[in-house]
Every structure is written in C-alpha cells, then in structure tokens.
Amino acid sequence: MSKSRNVVAVDFGAESGRLVLCRWDGSAGTLEEIHRFPNGPKSVGPHLVWEIERLWDEVLKGLGKAAAKTGGRVDSIGVDSWGVDYTLLDAAGERIGHPYAYRDARNVPAMERVVAKLTARRLYEITGIQQMPFNTIYQLAAHVEEFPEEWDKAALWLTLPDYFQFRLSGVQVAEYTEASTTQLLDVHRRSWSQELTSALGLDLKKFPTIVQGGTILGKLCPEVAAKVGLEGTVVTAPACHDTGSAVAGIPFSHEGSAFISSGTWSLVGTVMLHPVVDLSDEGRCFTNEGGVAGSVRYLQNVIGLWLLQQCLRDWNDAGLKLTAADLAKQCLDVPIDGPWFKADAHTYLAPGDMVARINAGLRAAGFAEETRPVELAAIIFRSLARRYAETVNVLAKLSGKDIRRICIVGGGVKNEALNRLTGLVTGREVVRGPSESTAAGNIATQIAGLENAVSLDQIQAISAQLKFAAT
C-alpha cells in the first residue's frame, strides 16, 4: 500500500445521497464529503418509484466537484446503495418501466403468492435469507405479474448500485454483497438459484454475472469522463450493499463481536466465514448476506431510527421544530425501565401516522398512550434497545459465538441515548465505530482492489486508517 490515490465513494441512502473523496497517501487517508443531495421515492399512480435520472445528475455534479478538487485526477469510483431495488434494461442498456421502491405496496401480496408456491422453509434452505416483503424475489414476481410485457422486453435486470456502475463503466455485472440481498442467490453455491428462477419463470439469461467487491470493472466511460473532467479513472465495485460497506468499515476485530449498523434500519449481526442456515423458526429470522472477501454477514433486519424519523415528520408537519439530535440529547438519562412497545419491522415498515401506530403498540403492550415528543423518543430508544438485546442473544446462540462486545456503526453512533440503553439492556460492552463507516468501507474495498490485495484483514486494516477531515 505505497501508492497515493484519490478515490471517490458514491453512497446512496434512501433519504439522502453523497459523494465522498478520499485522498490516500499510501498508508492513511483523509475523507471529505464533497456533495450531498436529498433522496426519497415519489408516487406514480399507485406505486412508489425512485427518481433515477435526477440521482444520476447528482452523481455527475459530485464527480465534477471531485475533478475540480483533484485537478481531474481520480483513480477510482465505486457505488454503494441500499439493497433489493432494481431496474430492467433492454438490449441497448436503456431502462424499461419504473425502478420501484422497496416500500411499494405491491410487495406483500407478491410475497404471499411466492411463499404459497415454494414454502418459506424451502426459500430459506436455498438462500439463507430472512423473509422480508421487499426482497427482490418478491418485487420481480410482482413486476412480472403486473407488467409481463416489460419483463419480456428486458434483456437484463440490475440492482440500483450495479445500474449506476453500468452507467459509469458500461459494464453490466452484479456485485456479490448486493446480489445476496435479492433472495435469489443460492447461499451454498454463491450463484443464482436455478430452482427459484425456474419455479418463478425468471429467465436466468436476464441475470447478470456475479463479481466480488474489489473487482475493477473498467475505465470510466469516455462521455462521462469528458463531461465531468476526469481522465484515467476506473470504476471499482466496492461492497455495493451499503451495509456490506458499513461492516467493511469496522476497524475492530470481529472475534467475539456483534455489530449494529444503526440508521434508518438497524442491521444486527456478526461476521462469519460460512453461512448459518438454521431452519428453526427463530433461525429463519436471520439472514446470510454477502460480505467482502467472500465473508458472510449473519444478521437480522431490525427496525431502526425510521421510527423516530417518521414521528419527526408528524411533529414537524404539526408545526413543531424538532430534530433527532435534540431529542436524543434530552433522553441521555432515560432509565431502562419504563413503557415500551414491540419494535417489529413488519408493523412499522410503511410510512405515515407513526405516532398513532406506536401508540397502538403501547396499548397492545399494556401501557398508556404518549404523544409528548421527548417522552415518546425515550420510548422508541428503550424499545429499540430491548429489540437489539433479544436479537443479539439469539444471534449468539445460532452462530455459536461468544459475543462480548457490540460495535455500533453508521449514523446511530451519534445517538448516545440509544447506545447507552443498548449497553445497559444487552449487558455487553458497546464500542463506537465510525459514523461514516459505509463511506470508509466502500473506499477501503476500492483501494484493496486497486492494490490487488482484497482480503478481510486488508480491507479492515485500510478502513482503520481512514478519517474524515476536521471541519
């Protein structure tokens, strides 16, 4: 690791996106956020869809800023995003139809139809993936049923980060960590499942080739390079799933450790070298998502700060001027004991009326309703901490790991109220990783790929040497 490089991470979140520039001197790197933009699905008829072209324009703006800051010298670009969402492409690489958002209402009935056909047990036995209504398998089933002509016309489908990397490089592939979120990957063979695709009538010829994070896809397309002012840049696939990058960005040993990637969602898990496919009811609630260097992120999707984000929308729509940071600060001394509700992902997945829905959960748990913002924020944090504790205890049993430490990464690192409660309720040491671990892991995987040194230890070592510039 002796060569200096400039590397850019394009990091899409469901609420916002940003581009981060890393100046790597051969042994350490300084990160700088150079462009940020809002994101969120919009309604088109009965569906929720992503504004792909607007997001592409934002990527180009950010790359223009990177070119200006580096004199046109960016060595590599890589894209990460949330999982499961996709777009269809025709033979010319043009999009077909809408790129639907994972919260779209079509997914639940599609999941019910697929499970009735294949059974939840068989789906898990093949894929090792937790059954969630937004998984790509159910989204594609819904798409084929509603718009069969679009599927027939499609030559290929790509997940969203893979699609943006195609726009940058002209190369159509599926990166392993992102592909693993689809529930279409055979967890044992690490390839697309012929059994599932055949059962659902999905032509395998329309599935992209799978590559590992750290793979150099090719040079930046000439027309893109000319437009943004870059020369000699390559596109390197990072861990394209944002949680895959977040876990790659953890600078601590995974021995004896669990992680919580804390943000809109909370991903509670641990890093394994092999999948754990436990067919018990509680085992099927855990998922085997791909990690960097062929590792496995054995985890459970747990509802996260989405609960508070949605409450804030309700309160701010009512004229209150509140922020998550202010509420968390006022909850620093919240006791373990007190009202709580069952923070179940399925119950609170959809947006809207979150204060009322949480109060329904409080009533179901035998507690009085609460509408005061600080008090309800405290209840959310307490309920999440309880949910984390339940999940970590089962995780330790199923993985066989002696979990003594929990590493928090992501935006939730800054929420000391929740982190304090997590330590108290779980009875385990809580350590804070980087709040920007997704960007760090994205960039570390790119650097390892450029150095032809992609291993779990190497990526972790690079991640430990990346710091955001002081502001």
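The values are calculated or read from the model by the stated rules, or taken from the named source; none is laboratory data. Please read these numbers as outputs of a predicted model, since none were measured by experiment. Don't worry about glycine lacking a Cβ; one is built from the backbone with ideal geometry, like all the others, and counts go over all protein chains shown. Side chains are part of the model used for accessible areas, which takes the heavy atoms of the whole protein and leaves out ligands, DNA and RNA. Shrake-Rupley method; radii C 1.70, N 1.55, O 1.52, S 1.80 Å.
At q = 0.20, 0.21 Å⁻¹ the log10 of I(q)/I(0) for region 80-212 amounts to -1.23, -1.37, computed by Debye summation with a single uniform scatterer per C-alpha, solvent ignored. Annotation: average projected area of region 236-349 is 10.4 square nanometres, based on the convex hull of Cα atoms across all directions.
The orientation-averaged projected area of the convex hull spanned by the Cα atoms of region 219-293 comes to 7.9 nm².
Nearest 500 deg cm²/dmol is fine: what mean residue ellipticity at 222 nm does the chain get from its DSSP H runs of n ≥ 4 alone, each adding -39,500 (n - 2.57), divided by its residue count? That calculation yields -11500 deg cm²/dmol at 222 nm. Ligands, DNA and RNA are left out, and with a 1.4 angstrom probe the accessible area of region 368-430 is 38 Å² per residue. Heavy-atom surface analysis with a 1.4 Å probe gives the chain a carbon and sulfur content of 51 percent of its accessible area.
Converting the Cα gyration tensor eigenvalues of the chain into ellipsoid dimensions via √(5λ) gives semi-axes, longest first, of 32, 27, 23 Å.
Accessible surface computed residue by residue for region 315-365, with neighbouring protein chains in place and a 1.4 Å probe, gives 59 Å² per residue.
Taking N as the residue count of region 47-117, its C-alpha radius of gyration divided by 2.2 N^0.38 Å amounts to 1.55.
Across all directions, the average projected area of the convex hull around the alpha carbons of region 360-471 is 10.2 nm². In this calculation the C-beta distance from Glu145 to Ala350 is compared with R0 = 30 Å, giving a FRET efficiency of 0.90. Compactness of region 144-287 was expressed as the Cα radius of gyration divided by 2.2 N^0.38 Å, which yields 1.22.
Loop-located trypsin sites (Lys or Arg not before Pro) across region 189-231 with a Cβ neighbour count of 11 or fewer within 10 Å are Arg189, with loop assigned by DSSP.
With R₀ fixed at 56 Å, the C-beta to C-beta distance from Ala155 to Thr371 puts the FRET efficiency at about 0.60.
Where Rh is the Kirkwood radius over the Cα pairs of region 1-144, the temperature 20 °C and the viscosity 1.002 mPa s, what D in µm²/s does Stokes-Einstein return? D, rounded to a whole number, is 121 µm²/s. Dimensions of region 293-437 along the principal axes, based on C-alpha atoms and rounded to the nearest Å, stand at 47, 32, 30, largest first. A simple spin-label model places pseudo-atoms 7 Å from Cα toward Cβ; at Leu322 and Arg121 they are separated by 4.5 nm. Per residue, the convex hull spanned by the Cα atoms of region 160-241 amounts to 93 cubic angstrom.
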